[in-house]
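The structure under discussion appears below in the form of structure tokens.
The values are calculated or read from the model by the stated rules, or taken from the named source; none is laboratory data. Keep in mind the model is a prediction, meaning the values are calculated, not measured. All Cβ positions, even for glycine, are placed from backbone atoms using ideal geometry, and neighbour counts span all protein chains on display. All accessible areas refer to the heavy atoms of the entire protein, side chains included, with ligands and DNA or RNA removed. Shrake-Rupley method; radii C 1.70, N 1.55, O 1.52, S 1.80 Å.
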Amino acid sequence: MPDITGAGALASEHGADLRRAARRPSSKAVAAARLANTWVFANLSQRELRQVVKSSATRDVAAGEVLVAEGTSGREFFVLLGGSVKVSRNGRKVTVLGPGSSFGELALLDDGPRTATVTAETAATVLVLGRREFDRLLTGSSAFARKLLAALAHRLTEADTERVECS
């Protein structure tokens, strides 16, 4: 099964940062370390990661709560800080995601429908970044925008390579 979060390749790269942050009591440090493991924000500096965390909200979610509904429009990106969520498409379970996984990044960039439903399997904590806050980050720093575009280009190249290899 493909890694739909993109976190696999990044986990070892930022693993030491995540382990250091997990030992500290600051939830902001843990959130920044988790963000660093997402494909969207992997290229950001620690300062930029802290800006993203500051622009985000932390939310506790009850088991069974639907965070994202397939086919609906969305305006938020989520990073799972704790707990687990189930991803399903057309009513069928695709995968289960754990801490450090992310979902909903396309909602930051376009108004298309959500491509999957994400439901909390356990009580969970998520970091939520809305499109308005994301747009402020983009317009506030051309370096931030360039790094995001580079991450997106890398992600598209990976997807194209996977598509070609499967043909």
Query raised in the report: Which residues, taken from the range 104-124, are assigned to a strand (DSSP E or B) and at pLDDT 95 or above?
Result: 117, 118, 119, 120, 124
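Given the options 144, 134, name the one that is in a helix (DSSP H, G or I) and under 13 Å from the mean Cα position of the chain (by Cα). Spell out how you get there, then give the answer.
Values: 144 fails: under 13 Å from the mean Cα position of the chain (by Cα).
Testing whether each residue is in a helix (DSSP H, G or I) and under 13 Å from the mean Cα position of the chain (by Cα) leaves just 134.
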Query raised in the report: Just checking, which of 30, 87, 53, 40 is within 15 Å of the chain's Cα centre (by Cα) and in a loop (DSSP other than H, G, I, E, B)?
Result: 40
Query raised in the report: Considering the range 39-53 alone, what residues qualify as being over 10 Å from residue 144 (Cβ atoms) and either among the aliphatic types (A, V, I, L, M) or crowded, with 24+ Cβ neighbours inside 10 Å (or both)?
Result: 40, 42, 49, 53
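Assess whether residue 85 counts as being closer than 20 Å to residue 119 by Cβ, modelled with pLDDT of 95 or more and in contact with a Ser or Thr (Cβ under 8 Å, 6 or more places away or on another chain). Walk me through it before giving the result.
Details: closer than 20 Å to residue 119 by Cβ: yes; modelled with pLDDT of 95 or more: yes; in contact with a Ser or Thr (Cβ under 8 Å, 6 or more places away or on another chain): yes.
Spelling it out, residue 85 is indeed closer than 20 Å to residue 119 by Cβ, modelled with pLDDT of 95 or more and in contact with a Ser or Thr (Cβ under 8 Å, 6 or more places away or on another chain).
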Query raised in the report: Which of the residues spanning the range 112-167 are basic (Lys, Arg) and farther than 22 Å from residue 34 by Cβ?
Result: 146, 163
Requested in this report: Answer with yes or no whether residue 158 is touching a Pro at 6+ places or on another chain (Cβ under 9 Å) and farther than 23 Å from residue 58 by Cβ.
Outcome: no
Query raised in the report: Which of the residues that make up the range 68-102 are closer than 21 Å to residue 55 by Cβ, open to solvent by less than 20 Å² (accessible area, probe 1.4 Å) and of a type in the set (A, V, I, L, M, F, W, C)?
Result: 68, 77, 78, 79, 80
